[in-house]
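Quick note: the coordinates plus some simple rules give every number you see, no bench work behind them. Remember, predicted model here, so these are calculated numbers, not experimental data. Neighbour counts are summed over all protein chains in view; Cβ atoms, including those assigned to glycine, are modelled from backbone coordinates with ideal geometry.
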Amino acid sequence: MTVRPEILLLVIGMVVVTYIPRMLPFAFLRADKIPERWRGLLGHIPHAALGALLVPGFLDGVAGNPVASIVGILAAGIVLWFKPNILLAMVAAVLVAWPFLAFK
Amino acid sequence: MAEQQEGLRHKMKRHQGAILTGFSEGFPIFVGYFPVAVAFGLLAKSVPLGFLEAGMLSAFVFAGASQFIAASLLASGVGIGSIIVTTFLINSRHLLLSTAVAARLTGTRRLFPLAAFGVTDETFAIATTRPDTYGTPYLLGLNSMAWLGWLAGTLTGYLAGGFLPANLQAAMGILLYVMFLGILMPEVRKDIRVLIVAGLSGALHWGIRATGWLPSGWALVVAILVSVALVDGWKGKGAKHDSAT
């Protein structure tokens, strides 16, 4: 169970380039000092981000099987429409997508 | 003195409550991350990376897509420098996510470097769509739940990845997307226009990805920024129009 020096170097490099963009906004932004104009723009970001995170990625949610992915996400969507319970939707999606893996 | 102590106790209690709220709102992320991290653990083992090396990646980098890509690049013999540059291209999107998360952060600034470490697509999505603002204790609770799921999944996958039927494991890949949909749906039900922003951004992202012009992290950033700008511009025009009539 050792860590090779070149892998340690890789981990440190990845940590640095990943952590800096995460941290900078926290260091410089304050909720009470953001102009009203920007607040509106920032308010849209989560919705736009969720759209872009879902599409087209969900098609490959069940790797290499878009049919199972679509069926699974539809099942989740139906559950979520009636009950905003993410865990319940997760169970439904997996249970429905699983048998579809047989038809590839 | 006693008054001061009373105040402190009150504050600690409130912080405790906020951490617990973070834990419970972060639990779906734990569930969503775990199977994906199991897949990462399996991939890391096949590179091959050591148990400790895989654990360090998940514990300290804590950024899923870039870890998968780093592991596959390592396996195909790509140099460390290129992997770090690729990681930067993928993870620079956190600048945007952190901006939105930090913009709603109130209260004490202490521990913000730790709270910033845990910003991911998923913790960002939960934090920024909740109706209230939050302090660092909430973020720490939320993020640590996500982190635990990611790390526990990685180690489990590495040690015992074969314990699940391959089919079930593949089906569980859908969980992260169910989570995104689960966060988006209540927002859409509140205001149907959310669907316009999300749909536009998704379509743009798909289009940009199809061209293959940008690395995946940048495609996401461009899709988000362009759709936000378009919707904001369109809304701005509508507002001006309204005030003129």
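Some values worked out for this structure:
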read-out	value
Distance between modelled label sites at residue B:226 and residue A:87, nm, 7 Å Cα→Cβ extension	4.0
Gain in span if fully extended, residue B:72 to residue B:106, counting 0.36 nm per residue against the direct Cα distance	8.3 nm
Rg(Cα)/(2.2 N^0.38 Å) for the protein assembly as shown, N = residue count	1.01
Alpha-carbon spread of region B:79-165, three principal axes, descending order, Å	44, 33, 23
Shielding by partners - mean other protein chain Cβ count within 10 Å, residues of B:109-118	3
Label-point separation in nm, residue B:130 to residue A:33, each point 7 Å along Cα→Cβ	2.4
Karplus (6.51, -1.76, 1.60) ³J(HN,Hα), θ = phi - 60°, over region A:50-62, in Hz, Gly and Pro reported as x	5, x, 6, 6, 7, 10, x, x, 4, 4, 10, x, 8
Euclidean distance between Cα centres, region B:33-49 to region B:115-151, Å	23
For the protein assembly as shown, size of Cβ-based charge dipole, Lys and Arg +1, Asp and Glu -1, in debye	560
Loop trypsin sites (Lys or Arg not before Pro), region B:144-242 (other Cβ atoms within 10 Å of the site Cβ: 16 or fewer; DSSP)	none
Helix-only CD estimate at 222 nm, as mean residue ellipticity for the protein assembly as shown, using -39500 (n - 2.57) per DSSP H run (n ≥ 4)	-26000 deg cm²/dmol
10 Å Cβ neighbours from other chains, averaged over peptide B:88-95	5
Peptide A:81-91, shielding by other chains (average Cβ, 10 Å cutoff)	5
Least to most buried among B:112, B:124 (fewest other Cβ within 10 Å first)	B:112, B:124
Neighbour-count ranking [beta-carbon atoms within 10 angstrom, fewest first] of B:122, A:36, B:53	A:36, B:53, B:122
Region B:189-211 residues near the modelled residue A:74 label - backbone nitrogen below 16 Å, point 7 Å along Cα→Cβ	none
Of the DSSP H helices in chain B, those whose Cα atoms cover at least 24 Å axially and whose Kyte score averages 0.5 or more	B:136-160, B:193-211, B:216-244
